[in-house]
1. Six or more apart or on different chains, Cβ atoms under 7 Å: show the pairs whose first residue is in segment 50-65 and within 11 Å of ligand 2 (Cβ to nearest atom) and whose second is small (Gly, Ala, Ser) and outside any loop (DSSP other than H, G, I, E, B).
2. Hey, can you tell me all the residues within segment 162-207 that are within 12 Å of ligand 1 (Cβ to nearest atom), in contact (Cβ under 8 Å) with a residue 24 or more places away in the chain, polar (S, T, N, Q) and over 14 Å from GLN76 (Cβ atoms)?
3. As an exercise: evaluate GLY154 against (1) within 14 Å of ligand 1 (Cβ to nearest atom); (2) farther than 11 Å from VAL212 by Cβ and give the number of the one condition it does not meet.
4. Can you find a residue in segment 203-214 that is surrounded by fewer than 19 Cβ atoms within 10 Å (Cβ to Cβ), farther than 22 Å from LEU65 by Cα and of a type outside the set (Gly, Ala, Ser)?
5. Any residue at all in segment 22-32 that is closer than 19 Å to LYS153 by Cβ, among the hydrophobic types (A, V, I, L, M, F, W, C) and either more than 16 Å from ligand 2 (Cβ to nearest atom) or modelled with pLDDT of 95 or more (or both)?
6. Would you point out the residue of segment 151-170, among those that are more than 9 Å from ligand 2 (Cβ to nearest atom) and in a helix (DSSP H, G or I), that is surrounded by the fewest Cβ atoms within 10 Å (Cβ to Cβ)?
7. Give the number of residues within segment 56-86 that are among the small types (Gly, Ala, Ser) and in a helix (DSSP H, G or I).
Amino acid sequence: MKTIGFRTLSHAAILALLFSAGARAEEKASGSVSEQELQAKLSYCQTCHGVSAQGFRGSAPMPRLAGQQPEYIENQLKAFIERRRTNPVMNNVAHVLSPAMVAALAAHFNSFDPPPLGGAPKDLVPMGKKIFEEGIPSAEVPPCASCHGEDAKGNGAFPRLAGQLNDYIIRKITNWNKERGLDPSKPDTSAMMEPFTHKLTPEQLAAVAAYVSYLK
Ligand code: HEC
Ligand code: HEC
């Protein structure tokens, strides 16, 4: 690549200012990360998370990141770095990322919009919809929609569940206490799910996971 001189850079900066508000926001989020570094990292992420970060079924289900809330992604990358959340693969992937790269990556997946990967048992969908919208009052499970949104698209620290791989969801809720909120001195957003993760029966969990996995 040709070396970019200081003069050219400031020229580029002025051009960026004259450009759209969207482009300015992107530049700010990237911080000290160049577009080239970001694109290289994004392709690396997609080797596991699938084309357009749609999710991928490999040796383990690789979660969909497409359309995910930037704040949630940033929280999770930080949790992997600080080992509040454990996963051997992602602990290794995340700990080399600079804070600027974490922010830039987190901002990027939100604009991807591939269709859901699918593959969940369809007969469970109606039961899952009911649990998602109404919860399971007899078991003190609150409606998922009350936090994740009516359309399961999430908001801020509340993750999008729409289009997420059902097998990934089942594993995460089953193993919640063993994988998240692992530093008692640093309580985090995982505490909001914890009280009821063990209250769903395997069938109820499979149902709600199937329902959200088909949402666009
Ligand atoms: C070698 C495979 C691999 C690579 C490369 C990889 N990931 Fe992951 N990622 C995983 C797996 C597996 C999980 C599921 C972890 C779990 O089960 O808790 C995951 C989970 C995540 C999560 C949590 C998602 C959620 O819904 O909670 C985020 C965020 C994430 N990865 C971001 C990234 C980013 C950003 C990159 C690129 C810098 C990346 N990953 C590269 C395998 C990979
Ligand atoms: C009180 C608010 C609240 C309710 C109710 C709630 N969630 Fe969550 N959920 C959260 C928060 C916050 C997170 C992010 C946790 C973190 O940061 O580790 C989350 C995370 C998740 C995750 C992990 C997503 C991922 O990509 O790894 C799944 C799966 C999930 N919720 C499913 C459900 C289901 C199913 C229900 C209904 C039975 C439900 N949630 C109800 C707040 C809630």
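The values are calculated or read from the model by the stated rules, or taken from the named source; none is laboratory data. Values in this document were obtained by computation on a predicted structure and should not be read as measured data. For neighbour counting, all protein chains shown are included, and Cβ atoms are generated from backbone atoms with ideal geometry for every residue, glycine included.
1. From residues that are within 11 Å of ligand 2 (Cβ to nearest atom), the pairs are ARG64/ALA53; LEU65/ALA53.
2. Residue satisfying the conditions is THR174 alone.
3. (2)
4. Yes, segment 203-214 contains a residue that is surrounded by fewer than 19 Cβ atoms within 10 Å (Cβ to Cβ), farther than 22 Å from LEU65 by Cα and of a type outside the set (Gly, Ala, Ser).
5. no
6. Among those that are more than 9 Å from ligand 2 (Cβ to nearest atom) and in a helix (DSSP H, G or I), it is ASP167.
7. Final tally of qualifying residues: 1.
The rows are residues; the columns are (1) at pLDDT 95 or above; (2) within 15 Å of ligand 1 (Cβ to nearest atom); (3) closer than 28 Å to GLU194 by Cβ; (4) hydrophobic (A, V, I, L, M, F, W, C).
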position: ALA12; (1), (2), (3), (4): no, no, no, yes
position: LEU18; (1), (2), (3), (4): no, no, no, yes
position: CYS45; (1), (2), (3), (4): yes, yes, yes, yes
position: GLY50; (1), (2), (3), (4): yes, yes, no, no
position: ILE73; (1), (2), (3), (4): yes, yes, yes, yes
